[in-house]
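Have a look at the structure below, then the notes.
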Amino acid sequence: MSFQRTQEKLKILADAAKYDVSCSSSGSQRANTNKGLGDATGMGICHSYTEDGRCVSLLKILLTNYCIFDCAYCVTRKSNDIKRAAFKVQEVVDLTINFYRRNYIEGLFLSSGIFKSADYTMERLVDVAKKLRLEENFNGYIHLKSIPGASDELMREAGLYADRLSVNIEIPTEAGLKKLAPDKKREDFIKPMVKVKNEIIQYKAEKKIIKNTPKFAPAGQSTQMIIGASGENDFQIMQTSNHFYKNYNLKRVYYSGYVPISYDNRLPQIGSAVPMLRENRLYQTDWLMRFYGFDVSEILNEHHQNLDLDIDPKLSWALRNLHEFPIDVNTAEKHMLARIPGLGMRSVYKILNARRFRKLNWEHLKKIGVALNRAQYFMVCDSNQFEKRDLTSEKIKGLILQNSTSKYGKSLSNQLSLFG
Amino acid sequence: MTSKNLIYDGTFDGFLSTIFYVFEHKLEKVTIQNEFSIQQGLFCENERIHTDEDKANRVWNGVKSKLSSKGSYQLYYAFLSEQNGIENLLLDYITYAFSNVKKVDKDFAHPSVLKIAQIAKSVGREKHRMEAFVRFRLTKDKIFFANIEPDFNVLPLIEKHFKRRYADQLWVIYDIKRGYGLFYDLENVEIITLDFPKNFDFTKTEDAFFAKQEFEFQKLWQDYFKATNIQSRKNMKLHIRHVPKRYWKYLSEKQPD
């Protein structure tokens with residue numbers, strides 16, 4: 001390949017792909033076979049981090065940034081005046097292999113603008129994956145974008161070579177989508193997602209009977225929503241997210257704070273801040289749903305439609321439900337321990353193990369790594385020192401905030417001053 | 001009673017042989033040091049321990065029966081930390097494990113157990129970092145070469161990962177701090193020591209040693225690294241937490257243009 005041309009294309013097409021958040025490279029269980037190259041059995045590895053603090057695990061590029069669509073929120077929209085480029089299939093294969101051999105990456109994340117038609121585009125994405133698997137004997141991780149509107153047959157082929165497939169619904173509500181991307185319909189996104197979901201179920205069932213059934217998208221599906229571009233509240237966002245987790249068996253939903261890239265007056269203007277704190281609170285909520293046993297309606301509902309920015313969603317839930325506390329860490333069940341603010345799942349497991357040997361006191365809990373600043377108001381342990389005052393939620397919140405500094409201190413005061 | 005200071009050869013087998021000796025002689029006031037870091041204590045009698053593979057295996061099997069599988073690998077990980085005084089902490093841990101009917105490696109309210117778990121975690125983190133931060137460079141003799149300077153002695157822990165992953169290429173990973181490396185010859189991994197030319201600069205990719213295409217791919221990787229960053233989200237504090245500065249010198253993407 002010609003170095004200079006590739007260099008130019010790589011700059012353009014990596015820059016265009018960077019708004020896709022997913023960088024996961026785990027969960028695939030694809031082992032190295034026949035002394036080939038690569039192995040995707042272990043946990044994911046972040047080989048580097050960009051200066052914005054995001055993990056670099058995959059070579060994340062577009063095949064091309066030519067696109068026939070004109071979605072307002074997208075940097076490669078047809079009407080945007082930017083440099084365009086397109087990789088050849090072989091160029092992507094060579095880059096992936098050579099980066100992988102140097103231990104730069106875990107694999108490839110290939111997306112694309114839509115040129116000519118959905119099928120024409122999807123076919124080329126599948127070609128890259130197929131070449132990597134069959135010609136290069138590559139066992140690293142491959143994440144392909146499902147192009148909305150691609151045929152079932154192509155989606156099936158994609159799943160045979162890729163570890164993960166994803167299609168970004170981008171805008172959390174249908175009304176928002178209509179406003180910002182009038183050429184696109186929600187069902188175009190859903191169709192490939194349903195196809196992949198059904199194939200995964202079917203291949204898994206067959207594998208139970210016939211052992212050499214090939215893997216089909218072993219790392220599952222994911223999607224992404226843009227936050228803060230189309231006016232949805234957190235309740236709407238998390239309801240959509242919950243809907244997709246439940247109905248399409250998604251592995252992950254990603255939330256991407258909108259980075260202003262356009263003067264379109266339907267969108268936040270260039271120069272306005274990326275809502276990073278809000279994005280963080282949504283991820284925390286997502287974790288509470290998936291790992292801490294919370295139902296989404298406990299955290300966000302008709303009466304509580306937006307997450308607090310100054311405190312985390314678990315603390316916020318606890319303050320609204322003081323009647324559930326205090327919890328005795330020496331006797332409480334796992335699912336109740338997980339609800340104590342300041343206790344992560346790692347601490348929960350440590351407590352469950354350690355309390356089989358002796359009753360735990362504050363000193364033990366502190367050494368184990370519990371964030372006592374938050375946790376102390378919500379638990380009792382083997383000590384007669386505990387919060388005896390009958391404190392109100394506001395009082396507890398005040399005490400906690402007084403004794404902590406948020407890493408978001410600066411953006412907090414900015415964002416709050418809007419209402420102040 | 002004077003206390004005894006046992007000196008071993010620095011290997012894991014040597015350490016386990018020392019543990020055997022402690023239990024065999026029912027020693028109570030005892031410290032363990034490796035031969036590279038002897039410090040003469042007052043009122044203490046030095047004794048050299050001979051490394052004996054059979055005795056080491058007996059102790060190791062005992063350890064494995066008294067700890068969960070995670071507990072025994074944590075013990076090995078903690079040993080590889082090479083931290084000052086780690087041997088004494090491990091001795092305390094093993095003594096506690098042997099004196100208890102229950103498997104104690106999850107007794108996180110016990111000071112030695114918690115400490116070993118924490119040290120093992122840092123070693124595990126360093127292992128994972130090396131799996132991430134190794135940067136192979138293709139030499140003129142078609143070997144993918146990487147040099148590292150890990151905080152802890154993690155080469156023994158990363159061998160399997162690289163052997164499985166890069167099964168079809170020749171590679172060397174060299175720990176320049178400890179002066180030894182791993183070489184994979186397409187079949188097996190061997191431990192090697194290399195003599196480098198005087199004034200060899202490990203941070204530079206010089207064309208006398210490295211293949212021509214190496215420069216192109218390093219450039220492409222640097223360009224990619226820059227292009228994939230979102231300027232309006234810049235957060236150097238987070239960046240440095242994930243990629244601490246001490247690792248920068250051998251990361252191709254962090255080299256100045």
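The values are calculated or read from the model by the stated rules, or taken from the named source; none is laboratory data. Note that the structure is a prediction, hence the values are computed from the model and not measured. Here the Cβ is made from the backbone with ideal geometry for all residues, glycine too, and neighbour counts use every protein chain on show.
Details
- Single match in A:Ser262, A:Ser256 (criterion: at pLDDT below 95 and farther than 17 Å from A:Pro172 by Cα): A:Ser262
- Flag for A:Leu132 being assigned by TED's automatic domain parsing to the domain that holds A:Pro214, surrounded by 24 or more Cβ atoms within 10 Å (Cβ to Cβ), assigned to a helix (DSSP H, G or I) and out of contact with any Phe, Trp or Tyr (no Cβ under 9 Å at 6 or more places or on another chain): no
- Flag if B:Glu82 is more than 21 Å from A:Gly44 (Cβ to Cβ), more than 11 Å from chain A (Cβ to nearest Cβ), of a type in the set (Asp, Glu) and surrounded by 18 or more Cβ atoms within 10 Å (Cβ to Cβ): no
Here's the yes/no breakdown for (1) surrounded by fewer than 22 Cβ atoms within 10 Å (Cβ to Cβ); (2) closer than 27 Å to A:Gly44 by Cα; (3) away from chain B (no Cβ under 12 Å):
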position: A:Phe87; (1), (2), (3): no, yes, yes
position: A:Tyr100; (1), (2), (3): no, yes, no
position: A:Ile105; (1), (2), (3): no, yes, no
position: A:Phe109; (1), (2), (3): no, yes, no
position: A:Glu123; (1), (2), (3): yes, no, yes
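- Lone unmet requirement of (1) crowded, with 19+ Cβ neighbours inside 10 Å; (2) among the hydroxyl-bearing types (Ser, Thr, Tyr); (3) farther than 30 Å from A:Arg266 by Cβ for A:Tyr73: (3)
- Single residue of A:Met238, A:Met225 found to be under 23 Å from A:Met289 (Cβ atoms), assigned by TED's automatic domain parsing to the domain that holds A:Ala158 and in a helix (DSSP H, G or I): A:Met238
- Residue count for the range B:224-245, restricted to those that are facing another protein chain (nearest Cβ under 7 Å), of a type outside the set (A, V, I, L, M, F, W, C) and more than 21 Å from A:Glu106 (Cα to Cα): 4
- Screening B:Trp171, B:Trp221, B:Trp248 for residues that are more than 8 Å from chain A (Cβ to nearest Cβ), within 30 Å of A:Met276 (Cα to Cα), out of contact with any His (no Cβ under 6 Å at 6 or more places or on another chain) and without any contact (Cβ under 8 Å) to a residue 60 or more places away in the chain leaves exactly one candidate, B:Trp248.
- Wholly within the range A:261-337, helices (runs of 4 or more DSSP H) carrying at least 3 residues that are in contact (Cβ under 8 Å) with a residue 24 or more places away in the chain: A:276-291, A:313-320
- Only one entry in B:Glu53, B:Glu126 is under 27 Å from A:Ile351 (Cα atoms) and acidic (Asp, Glu), namely B:Glu126.
- Selection of helices (runs of 4 or more DSSP H) fully inside the range B:1-83 by the criterion of at least 1 residues being among the basic types (Lys, Arg) returns B:53-66, B:69-80.
- Boolean, A:Tyr66 is farther than 30 Å from A:Pro268 by Cβ and free of Cβ contacts under 8 Å to residues at least 60 places away in the same chain: no
- The residue that is nearest to the other protein chains (Cβ to nearest Cβ), among those in the range A:1-24 that are acidic (Asp, Glu) and surrounded by 16 or more Cβ atoms within 10 Å (Cβ to Cβ), is A:Asp15.
- Given (1) among the hydrophobic types (A, V, I, L, M, F, W, C); (2) in a loop (DSSP other than H, G, I, E, B); (3) under 16 Å from A:Leu165 (Cα atoms); (4) touching a Leu at 6+ places or on another chain (Cβ under 7 Å), number of the condition A:Leu250 does not satisfy: (4)
- Some residue of the range B:119-139 being touching an Asp or Glu at 6+ places or on another chain (Cβ under 6 Å) and farther than 17 Å from B:Tyr247 by Cα: yes
- Filter result for A:Gly53 (at positive phi and not in a strand (DSSP E or B)): yes
- Residue within the range A:36-46 that is farther than 30 Å from A:Asp264 by Cβ, in contact with a strand residue (DSSP E or B) (Cβ under 7 Å, 6 or more places away or on another chain) and part of a strand (DSSP E or B) present: yes
- Hey, A:Lys116 over 23 Å from B:Val134 (Cα atoms) and either more than 14 Å from chain B (Cβ to nearest Cβ) or at pLDDT 95 or above (or both) or not: yes
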